[in-house]
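The values are calculated or read from the model by the stated rules, or taken from the named source; none is laboratory data. The structure presented is a predicted model; accordingly, all values stated were derived computationally and were not measured. Please note: Cβ atoms are built from the backbone with ideal geometry, for glycine as well, and neighbour counts cover all protein chains shown. The area values use the complete protein model at the heavy-atom level, side chains included, leaving out ligands, DNA and RNA. Shrake-Rupley method; radii C 1.70, N 1.55, O 1.52, S 1.80 Å.
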Amino acid sequence: MSGKIDVREIDALVDAQNGRISPSIYTDPDLYELELERVFGRTWLFLCHESQIPKAGDFFNTYMGEDPIIVVRQKDGSIKALLNQCRHRSMRVSFADCGNTRAFTCPYHGWSYGTDGSLKDIPLEDRAFPHGACKEKWGLVEVNRVKTYKGLIFGCWDETTPDLEEYMGDIAWYLDGVLDRRPGGTQIIGGVHKWEIECNWKFAAEQFASDQYHALFSHASAVQVLGAKPDDEASKQLGAAQTSRPVWETAKDALQYGQRGHGSGFFFTEKPDANVWVDGEVANYFRETYEEVKERLGEVRALRLAGHNTMFPTLSWLNGTATLRVWHPRGPNKTEVWAFCIADAEAPQEVKEAFERSATRAFGPAGFLEQDDSENWVEIQKVLRGYKARNNRLIMEMGLGNEKVREDGIPGITNYIFSETAARGMYRRWADLLIHEKWEDVEKAAEAYEKELVK
Ligand code: FES
Ligand SMILES: [Fe+2]
């Protein structure tokens, strides 16, 4: 670890019991270094979707934290994740966003690796290494664990991290609301939008885990435009909710889930078309598939089309809008957003295209909702350049003490949607990972925290 931080001080930065947080968690370069080691070096991180690398030799370039990673389909159909770093002088060996190849050849001195990562060829090997080259030992470094969950591929460096499904815990139930709607599963539609924003990755991850509250105010103008005129033909075309009253007034219930760093929130709507962001074809598709999905997942998840979610640390998604994204960290003050459009594989082609348009319009780099969100995070990051601001503890008390375990089959620790249970849980998890060297201690700390929450 970095050695510059006394881990005992980290505990004081996140006072989840009282709902206080120190803003230095978003700005401190030493904390960031420790995050790369203990959060990104130890958690299950989303790599890509199986549909993006269907055939042997197909690869997709991504990151685990700041480490460049090649995800590649093997000849036997299995998947490997390789550190995209030549063993000779650290050059990247694969540059394309994705593609199909038989080898990864380093552009610096030409060492060539197979798709399994093994070093196959060294130019002028006999003359350059008269003492003998250890090719069998000089393959690309492989990510220790790669697992898929219903089409999503995850990687983890740490052998001691709990298995993927145990790590996911109850967020899997919420994620199934996107991944498991229909028998054919899902696929990624189109390419990946990538852009940078000048803020810490945790603002984005936290908001998707925990913050429906901002939508009332930050997205007020968009909500008014899309939802205000129930009988207006244009609103119908857009699939606007058939009411002029906001969803938080009309929904029969609403919840936030937050546990082990993960979080989710949604309203219990009455109709399968109550998502104001989606356009006509997408809303129609949700209506048409409603009965089938209800049969598979139950009414709550079949109706849950406006949910926000984060699987700790950096995978977030929105139901209905079909955006799935990763917040790649780029130093304490910058994030690279990668936004994928995800949809049911069995949806007709024109519906898939409509999903892509809808996701891009609302949550692409110039999306009308994305703009509202990132504007907030970027401005906060600027405010936190101030010394006083950085040392002024922030209030995270919403719904404090109101956590409960529901009795209607919806899993996990929950609260009313306008609360900060998931945010407190996310930062507590973050702090526990930074503080504890052993996973068993991280889990023990989580159990103790949760026991206090729902006595
Ligand atoms: S750095 Fe890759 S061959 Fe030299
Ligand atoms: Fe938002």
Length-normalised contact order of the stretch 7-150, Cα under 8 Å, at least 6 apart, in percent, tallies to 15
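Do any trypsin sites (Lys or Arg not before Pro) in the stretch 377-420 lie in a DSSP loop with no more than 16 other beta carbon atoms within 10 Å, and if so, which?
Values: sites: K382, R385, K388, R390, R393, K404, R406; in loops: R385, R393, R406.
Here the sparse-neighbourhood loop sites are R385, R393, R406.
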Find the centroid of the Cα atoms in the stretch 78-116 and in the stretch 391-445, then give the distance between the two in whole Å.
-> 40
Can you pull out the cysteines in the chain that have no other Cys Cβ under 4.7 Å?
-> C48, C98, C134, C156, C199, C341
Ratio of the Cα radius of gyration of the stretch 397-443 to 2.2 N^0.38 Å, where N counts its residues | 1.36
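Using a 10 Å cut-off on Cβ atoms, rank the peptides 111-118, 247-254, 319-326, 84-91 from the highest mean neighbour count down.
Most protected by this proxy first, the peptides run 319-326, 111-118, 84-91, 247-254.
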Binned at 10 Å from 0, what are the whole-percent values of the Cα-Cα distance distribution for the stretch 1-85, short to long?
-> 15, 34, 23, 17, 10, 0
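Kindly flag which residue pairs out of K194/K352; K135/K194; K147/K334; K4/K444; K147/K438 have an alpha-carbon separation exceeding 24 Å in this structure.
Values: K194/K352 20 Å; K135/K194 36 Å; K147/K334 28 Å; K4/K444 26 Å; K147/K438 22 Å.
Too far apart for the 24 Å limit: K135/K194; K147/K334; K4/K444.
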So which aspartates and glutamates can K137 reach, going by Cα to Cα under 16 Å and dropping same-chain residues fewer than 8 places off?
-> D116, D121, E125
The Cα radius of gyration of the chain, divided by 2.2 N^0.38 Å with N its residue count, comes to 1.01
Between E375 and K120, take the C-beta separation as r, use R0 = 51 Å, and let me know the FRET efficiency to the nearest 0.05.
-> 0.55
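Per 0.36 nm of contour for each residue apart, how much would the distance between K388 and R287 grow if the chain were fully extended, relative to their Cα-Cα spacing?
Stretched fully, the K388-R287 segment lengthens by 31.2 nm.
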Sort all Cα-Cα distances of the stretch 306-395 into consecutive 10 angstrom bins from zero, then give the percent of pairs in each bin up to the one containing the longest distance.
-> 15, 39, 29, 12, 4, 1
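Skip the ligands, DNA and RNA, and give the accessible area per residue of the chain with a 1.4 Å probe, whole Å².
Numbers: 19560 Å² over 455 residues.
With the other protein chains kept in place, the chain gives 43 Å² per residue.
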Could you work out how far apart the two model spin labels at E443 and K55 are, taking each label as a point 7 Å from the Cα in the direction of the beta carbon, and quote it in nm?
-> 4.2
List the aspartates and glutamates whose alpha-carbon lies under 14 Å from that of K455, not counting same-chain residues fewer than 8 positions away?
-> E403, E447
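Taking every pair of alpha-carbon atoms in the stretch 49-143, give the share separated by more than 17 Å as a whole percent. Spell out each step's value before the answer.
On the way: 2097 of 4465 pairs.
So the pairs more than 17 Å apart make up 47 percent of the total in the stretch 49-143.
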From the C-alpha gyration tensor of the stretch 86-184, pull out the three semi-axes of the equivalent ellipsoid (sqrt of 5λ each), sorted largest to smallest, in whole Å.
-> 38, 16, 10
Over 20 Å, how big is the tail of the calculated P(r) for the stretch 251-382, in percent of all Cα pairs?
-> 50
Quick one: which of K150/K404; K120/K150; K271/K294 span more than 23 angstrom between C-alpha atoms?
-> K150/K404; K120/K150
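Given a Förster distance of 51 Å, report the FRET efficiency between E270 and V141 from their Cβ-Cβ distance, rounded to the nearest 0.05.
Computed FRET efficiency for E270 and V141: 0.45.
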Using a probe of 1.4 angstrom, how much of the accessible area of the stretch 171-453 is carbon and sulfur, in percent?
-> 50
